[in-house]
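Below is one structure, written out as structure tokens; comments come after it.
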Amino acid sequence: MRFQIYRYQPEQSDQPYLQDYTLDIPPGTVMLLDALMLLKAQDESLSFRRSCREGVCGSDAMNINGRNGLACITRLKDLAEPITLRPLPGMPVIRDLIVDLTSFYTQYRAVRPWLIDEGPEPEIERRQSPGDRDQLDGLYECVLCACCTTSCPSFWWNPDQFLGPAALLQSYRFLQDSRDQDSGQRLDDLEDPYRLYRCHTIMNCTDVCPKGLDPARAIAGIKGLLAKRRL
Ligand code: SF4
Ligand code: SF4
Ligand code: FES
């Protein structure tokens, strides 16, 4: 198979370039990450992140033939050649396919992605009915891969002010959690022309999510909660 891979090695040159590779794919090589590991065995200078190799850690997100995705759950047979791999768009590149995700995590932290309950410590676990638990489906599965946020034009233009789809999906996850006691402050923090309302419903986020989640729907859910609060 033929590959074209974005290379950037700042200690050698400040100019990135696309490098051609060819690989004889051994039988049983199914996923793109497997092929990347074989390429790395050929050229150890090739750099990318990876860990779990099963779509759980979110670390091998990259732009694959023009679309963000996770290499470990992308099948080689579904990709046209040459397979072109670039770093996630809109982020500073540290090296080859590795980007600096500082702005992504800054926005994630800003939504306080943890359960807030200032009440007395319960003697047993905080209980939730099966129906309330169901509200978290489609939200808790996010692996923070950043595929959505780095495909969002509103985030490219305002990474310091717009929270981006991943952080907003996480915010909605806690707004929907029956055990969380801080919805009022969470909504106050979101009611802002940039933090939330820079989303123009372009839908790239939902289109690319490799876990099949729907950040645009979560964002619409937050807007709905704010509209209801104003009534
Ligand atoms: S729907 Fe909103 S968050 Fe998603 S890509 Fe479009 S502008 Fe970005
Ligand atoms: S919503 Fe999907 S694309 Fe966005 S960070 Fe979570 S898993 Fe990745
Ligand atoms: S290596 Fe963990 S999600 Fe791909």
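The values are calculated or read from the model by the stated rules, or taken from the named source; none is laboratory data. Since the model is a prediction, treat every value here as computed from it, not as a measurement. Glycine gets a Cβ as well: all are built from the backbone with ideal geometry, and neighbour counts include every protein chain shown.
When we screen Pro165, Pro130, Pro159 for residues that are over 21 Å from Leu187 (Cβ atoms) and surrounded by 14 or more Cβ atoms within 10 Å (Cβ to Cβ), the only hit is Pro159.
In the stretch 91-105, which residues are buried (at least 20 other Cβ atoms within 10 Å of the Cβ) and under 22 Å from Glu11 (Cα atoms)? I'd like the intermediate steps shown before the answer.
Quick first cut of the stretch 91-105, residues buried (at least 20 other Cβ atoms within 10 Å of the Cβ) only: 91, 96-97, 99, 101, 104.
Within the stretch 91-105, Met91, Asp96, Leu97, Val99, Leu101 qualify.
Residue check: Tyr17 meets all listed conditions (1) away from ligand 3 (no atom under 16 Å from the Cβ); (2) touching a residue at least 24 places away in the same chain (Cβ under 8 Å); (3) in contact with a Lys or Arg (Cβ under 8 Å, 6 or more places away or on another chain) but one, namely (2). Hey, Tyr108 hits all of (1) exposed (fewer than 15 other Cβ atoms within 10 Å of the Cβ); (2) in the same structural domain as Leu168 (by TED's automatic domain parsing); (3) not β-branched (Val, Ile, Thr) but one; which does it fall short on? Unmet condition: (1). Filtered by the rule that a residue be part of a helix (DSSP H, G or I) and hydrophobic (A, V, I, L, M, F, W, C), the stretch 107-153 gives a lone residue, Ala110.
In the stretch 179-196, the qualifying residues are those that are in contact (Cβ under 8 Å) with a residue 24 or more places away in the chain and over 17 Å from Trp114 (Cβ atoms), and the one that is surrounded by the most Cβ atoms within 10 Å (Cβ to Cβ) is Arg195. Per this entry, Phe174 is counted among residues that are touching an Asp or Glu at 6+ places or on another chain (Cβ under 6 Å) and farther than 27 Å from Ile73 by Cα.
Take Asp207 and decide whether it is within 15 Å of ligand 1 (Cβ to nearest atom), of a type outside the set (A, V, I, L, M, F, W, C) and without any contact (Cβ under 8 Å) to a residue 24 or more places away in the chain. Outline the logic, then answer.
Numbers: within 15 Å of ligand 1 (Cβ to nearest atom): yes; of a type outside the set (A, V, I, L, M, F, W, C): yes; without any contact (Cβ under 8 Å) to a residue 24 or more places away in the chain: no.
It is false that Asp207 is within 15 Å of ligand 1 (Cβ to nearest atom), of a type outside the set (A, V, I, L, M, F, W, C) and without any contact (Cβ under 8 Å) to a residue 24 or more places away in the chain.
Going by the structure shown, is Thr84 more than 15 Å from ligand 3 (Cβ to nearest atom) and either in contact with a strand residue (DSSP E or B) (Cβ under 6 Å, 6 or more places away or on another chain) or closer than 19 Å to Cys147 by Cα (or both)? Criteria met by Thr84. Restricting attention to the stretch 60-80, and to residues there that are surrounded by fewer than 16 Cβ atoms within 10 Å (Cβ to Cβ) and among the charged types (D, E, K, R), which single residue is nearest to ligand 2 (Cβ to nearest atom)? Looking at residues that are surrounded by fewer than 16 Cβ atoms within 10 Å (Cβ to Cβ) and among the charged types (D, E, K, R), I get Arg67.
Yes/no matrix, rows are residues, columns are (1) more than 19 Å from the chain's Cα centre (by Cα); (2) more than 13 Å from ligand 2 (Cβ to nearest atom):
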site: Pro193; (1), (2): yes, yes
site: Arg198; (1), (2): no, yes
site: Met203; (1), (2): no, no
site: Ile219; (1), (2): no, no
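Annotation note: Cβ proximity below 8 Å between a residue of the stretch 52-79 that is more than 15 Å from Asp207 (Cβ to Cβ) and among the basic types (Lys, Arg) and a residue that is part of a loop (DSSP other than H, G, I, E, B) and near ligand 3 (Cβ under 6 Å from one of its atoms) (sequence gap 6+ or interchain) occurs for Arg53/Asp60.
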